[in-house]
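Single-structure report; data block below.
Derivation of every value follows stated rules applied to the coordinates shown; laboratory data play no part. Owing to the predicted nature of the structure, the values given are computational and were not obtained by experimental measurement. Because the Cβ atoms are built from the backbone with ideal geometry, glycine has one as well, and the counts that use them run over all protein chains shown.
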């Protein structure tokens, strides 16, 4: 997904440095795709394969066996194409893609245990590449004191780097910006534990 081992190390280091200044916990997740368009891909490929004999009847007198073979080739070829993440996502309306990416972000928030931190001061930095979707999800204690608009600068920095293929740098800058917001609202206490792994998850 364009994230090297060195990128992952640098992202982990950025999380560790940001968390040293705050009670907050930062978790990063990079998804290749959030959309599940499998049934639609199968339907499109099947309809194209079923339509093929009708097209061929008017153009040639191929034997039935050859027509069946061409149907299979067309179906398999279209399935291979339509299962590419970006092509599969392109089959869906933009609003549906964003809704699926948002749902995936909420699922990752729960799966990574962000809502179980002491004081409920965790955030998720989530990116889904195929949908070109980025979002910061804050736990309840943070959300009650920090407006969603305050995270926009981090999201803008992240998406700016993503647009130029610098995924690792995008996460690092977003982490630094989020760390500054968290440190301002939730400065670190003397006994602050590190409750969640300082890493980026690839899904």
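Taken along the Cα-to-beta-carbon direction at a fixed 7 Å, the label points for residue 190 and residue 20 span 2.0 nm. Estimated from the Cβ-Cβ distance and a Förster radius of 25 angstrom, the FRET efficiency linking residue 87 and residue 107 is about 0.60.
The long axis of helix 64-82 is offset from the longest Cα principal axis of the chain by roughly 10 degrees. Sorting the segments 106-115, 132-141 by their residues' average number of neighbouring beta-carbon atoms within 10 angstrom, most packed first, yields 132-141, 106-115. In the list [x] 45, 38, 30; [y] 82, 33, 25; [z] 50, 40, 34, the label attached to Cα extents along the principal axes in Å as derived from the coordinates here is [y].
Between helix 38-57 and the chain, what is the angle of the helix's C-alpha long axis to the longest principal axis, kept within 0 to 90° and rounded to the nearest 10? Helix 38-57 and the main axis of the chain meet at about 20 degrees. For segment 130-203 versus segment 7-31, the inter-centroid distance based on Cα atoms is 8 Å. Taking the 0 to 90 degree range and rounding to the nearest ten, how far is the long axis of helix 5-19 tilted relative to the main principal axis of the chain, both from C-alpha atoms? For helix 5-19, the angle is close to 40 degrees. Round to the nearest 0.05 the FRET efficiency obtained for residue 69 and residue 32 when R0 = 41 Å and r is the Cβ-Cβ distance. Efficiency, from the Cβ-Cβ distance: 0.80. GNM remark for the chain: springs join alpha carbons under 10 Å apart, and the peak mean-square fluctuation among 87, 155, 27 falls on 87.
Summing -39500 (n - 2.57) over the DSSP H runs of n ≥ 4 in the chain and dividing by its residue number, what mean residue ellipticity at 222 nm do you reach, to the nearest 500 deg cm²/dmol?
Only helices count here, giving -18000 deg cm²/dmol.
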